[in-house]
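Participant: Below you will find the structure I want to go over with you.
The values are calculated or read from the model by the stated rules, or taken from the named source; none is laboratory data. These figures come from a predicted structure and were not determined experimentally. Cβ atoms come from the backbone with ideal geometry, glycine included; neighbour counts cover every protein chain shown. Note: areas computed on protein heavy atoms with side chains; ligands, DNA, RNA excluded. Shrake-Rupley method; radii C 1.70, N 1.55, O 1.52, S 1.80 Å.
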Amino acid sequence: MSDVLRVDAEQADGVVVVTVDHPPLQLVDGPFFGALIGLLGRLDADPGVRAVVWRSADPDFFLMHGDVAALAQVPAGERPVPEKPNVAAATLDRLHRSRWVNIGVVDGAARGGGAEFLTALDLRYGTDATVVGWPEVPMGILPGSGITARLPRMVGRARALEILLTGRDVRAAELSELGWLQGVVKPEELLDHAMAVARRIAAMPPASVVAVKGVVDIALGDLDAGILAETRALDALMGAGAHQARMAAFLQAGGQTRGCEADPGRWADLVSDLVGFREEEQNNG
């Protein structure tokens, strides 16, 4: 198994601890999804797994976001309408529907695909340092790994639209109020708190856990149609090519660097600049 996702503990109580360790930037990229697909296969094959706690080795970022440098190189042009969700969306949906309970512990930032990964989990616990956001709209696309289908179910249509369309950061207090975080605790207590919840759930009859997860998802409505619609919308926007100049400007201004993205002020300024970005000005500059 890849070191990108490191299994740190496999315990007799059915709780597995996985550490995301993908230096230098903790990007949600091809190697990350390759490691996740491999790990899900391994977990699926072990009937003793009842809860998985996901944490990060990086003190600043749980996960950063997708690889913008790679996305900026995706060419414009017509393409067939997708008949199924993209690999990232399908993999996170597989994680979401797993028979075990997934719990994230977040003591830092997770934006874009990193925030999508965490939203696909069942429960999330954080600290005052927790911050998430989706900067894709200012970059000329939309989030493409299921969040436009999941977030409205969690926080409501209007709040989801406001968060996704502004590209702003959302911090711990608001995330707790929205129900995205199930608790905000001290950093030194974070893992122990999540582990206590994981052990309690792992002690429950596994068939009941699977049944409750499944019925709750059915009660919330059809997620499949939303995820496929998101993949199609992302593909259409990438085909139109508006992302290329915006992503180039993002990278040129310091995006996808630790110095910029760990600094709340610099990050906010960068996103604001993208909001006012005009491709004609970039071309004339």
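Participant: I'd like to check which strands (runs of 3 or more DSSP E) are fully inside segment 1-118 and have at least 3 residues that are farther than 25 Å from Q244 by Cα and of a type outside the set (S, T, Y).
Facilitator: Working: elements: 5-10, 15-20, 51-56, 61-63, 101-106, 109-111.
Because the criterion is at least 3 residues that are farther than 25 Å from Q244 by Cα and of a type outside the set (S, T, Y), the strands (runs of 3 or more DSSP E) in segment 1-118 that meet it are 5-10, 15-20, 51-56, 101-106.
Participant: Another question, then. Condition test on G255, is it under 20 Å from the mean Cα position of the chain (by Cα), touching a residue at least 12 places away in the same chain (Cβ under 8 Å) and assigned to a loop (DSSP other than H, G, I, E, B)? Steps first, answer last, please.
Facilitator: On the way: under 20 Å from the mean Cα position of the chain (by Cα): yes; touching a residue at least 12 places away in the same chain (Cβ under 8 Å): yes; assigned to a loop (DSSP other than H, G, I, E, B): yes.
Here the answer is yes, as G255 does meet what is asked.
Participant: Would you please list the contacts, defined by Cβ atoms under 6 Å and residues six or more apart or on different chains, that run from a residue in segment 16-35 that is closer than 18 Å to W100 by Cα to a residue that is crowded, with 17+ Cβ neighbours inside 10 Å and among the aromatic types (F, W, Y)?
Facilitator: Hits for this filter: V18/W54.
Participant: Filter segment 163-174 down to residues that are part of a helix (DSSP H, G or I) and either open to solvent by less than 70 Å² (accessible area, probe 1.4 Å) or in contact with a Lys or Arg (Cβ under 8 Å, 6 or more places away or on another chain) (or both), then give me how many there are. Before you say what the answer is, go through the steps one by one.
Facilitator: If we filter segment 163-174 for residues that are part of a helix (DSSP H, G or I), which is where we start, we get 163-166, 172-174.
Pick out the ones that are also either open to solvent by less than 70 Å² (accessible area, probe 1.4 Å) or in contact with a Lys or Arg (Cβ under 8 Å, 6 or more places away or on another chain) (or both) and you get 163-164, 166, 172, 174.
Adding up the residues that qualify gives 5.
Participant: Report, by residue number, each residue of segment 119-156 that is part of a loop (DSSP other than H, G, I, E, B), closer than 25 Å to V101 by Cβ, open to solvent by less than 20 Å² (accessible area, probe 1.4 Å) and aliphatic (A, V, I, L, M).
Facilitator: Once the filter is applied, which keeps residues that are part of a loop (DSSP other than H, G, I, E, B), closer than 25 Å to V101 by Cβ, open to solvent by less than 20 Å² (accessible area, probe 1.4 Å) and aliphatic (A, V, I, L, M), segment 119-156 yields only L121.
Participant: From S208, S272, which residue is closer than 30 Å to A12 by Cβ, open to solvent by 50 Å² or more (accessible area, probe 1.4 Å) and of a type in the set (S, T, N, Q)?
Facilitator: On the way: S272 fails: closer than 30 Å to A12 by Cβ.
On inspection, the qualifying residue turns out to be S208.
Here is a yes/no grid of residues against (1) assigned to a loop (DSSP other than H, G, I, E, B); (2) in contact with a Leu (Cβ under 9 Å, 6 or more places away or on another chain); (3) acidic (D, E):
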position	(1), (2), (3)
E177	no, no, yes
V209	no, no, no
K213	no, no, no
L237	no, yes, no
A245	no, no, no
F250	no, yes, no
